[in-house]
Amino acid sequence: MVKWMVPHQVLYPFRVYLRLMKLQNGGIPKNTCFPTTSPTSWAEDHIAITGIMGIGRIKNYSLCGNLGSQFMIDQWQYPDIGIVICDCPSAGHDVIILDYRKCGKYGEPEVVHVDQEFDFHITFLAKDFETFIIGLVNDLSFN
């Protein structure tokens with residue numbers, strides 16, 4: 001099991017995330033949906049996020065906060081494949097993770113959706129964090 005110490009071990013691919021966090025350290029983006037090619041417990045054609053975790057330990061939903069990435073892995077039993085970066089409207093039943101399985105800790109992680117309701121099924125979303133952020137669309141796109 002890999003323990004990701006984000007503040008002390010900032011990895012090179014994290015640079016896009018860090019740039020975004022310098023502008024806005026976590027929070028709810030304007031566009032909160034990402035299209036998928038397969039169904040999830042949330043919808044047939046997309047996932048939704050309720051926020052992006054910021055850097056820090058003080059706020060509960062920051063990466064290293066009480067309810068941050070390691071909490072989701074330890075308490076909700078999400079696979080230890082990387083860093084949980086977004087929560088979803090299901091209140092813990094699905095999350096968005098930077099997935100380091102293919103690239104190792106110094107490569108560019110993919111962004112995946114992990115769905116606890118579907119036996120922790122992993123759905124590929126984007127080749128990297130930047131592509132994920134650019135690919136977020138408004139929820140009105142799916143009504």
Residues within region 127-143 that are part of a loop (DSSP other than H, G, I, E, B) and either surrounded by 14 or more Cβ atoms within 10 Å (Cβ to Cβ) or at positive phi (or both), tallied: 2
Subset of region 26-35 [of a type outside the set (A, V, I, L, M, F, W, C) and either over 15 Å from the mean Cα position of the chain (by Cα) or under 14 Å from Cys86 (Cβ atoms) (or both)]: Gly26, Gly27, Pro29, Lys30, Asn31, Thr32
Residues of region 71-88 classified as crowded, with 20+ Cβ neighbours inside 10 Å and either of a type in the set (D, E, K, R) or farther than 22 Å from Thr123 by Cβ (or both), total: 1
Test for Phe124: is it under 12 Å from the mean Cα position of the chain (by Cα) and in a helix (DSSP H, G or I): no
Count of residues meeting criterion [within 14 Å of Ile85 (Cβ to Cβ) and touching a residue at least 40 places away in the same chain (Cβ under 8 Å)] in region 109-134: 9
Residues (surrounded by fewer than 23 Cβ atoms within 10 Å (Cβ to Cβ), touching a Phe, Trp or Tyr at 6+ places or on another chain (Cβ under 9 Å) and not in a strand (DSSP E or B)) located in region 89-113: Pro89, Ser90, Gly92, His93, Tyr100, Lys105, Tyr106, Gly107, Glu108
Region 53-105 - residue that is of a type in the set (A, V, I, L, M) and over 9 Å from the mean Cα position of the chain (by Cα) and, of those, farthest from Cys33 (Cα to Cα): Ile58
Residue in region 101-143 that is modelled with the lowest pLDDT, counting only those that are touching a helix residue (DSSP H, G or I) at 6+ places or on another chain (Cβ under 8 Å) and acidic (Asp, Glu): Glu108
Tabulated pairs, region 56-79, first free of Cβ contacts under 8 Å to residues at least 60 places away in the same chain, second assigned to a helix (DSSP H, G or I), C-beta under 7 angstrom, 6+ apart or interchain: Leu63/Ser69; Trp76/Gln116; Tyr78/Met72
Filtered residues of region 17-59 (kept if among the β-branched types (Val, Ile, Thr), more than 17 Å from Ala126 (Cβ to Cβ) and loosely packed, with under 13 Cβ neighbours inside 10 Å): Ile28, Ile58
Residue check, Asn66 part of a loop (DSSP other than H, G, I, E, B), modelled with pLDDT under 95 and more than 19 Å from Ile133 (Cβ to Cβ): yes
All positions within region 35-63 that are touching a Pro at 6+ places or on another chain (Cβ under 9 Å), of a type outside the set (A, V, I, L, M, F, W, C) and outside any loop (DSSP other than H, G, I, E, B): His46, Gly51
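The values are calculated or read from the model by the stated rules, or taken from the named source; none is laboratory data. As the structure is a prediction and not an experimental result, all values here were calculated from the model. A quick note on method: Cβ atoms are made from the backbone with ideal geometry, for glycine too, and the neighbour counts reach across all protein chains shown.
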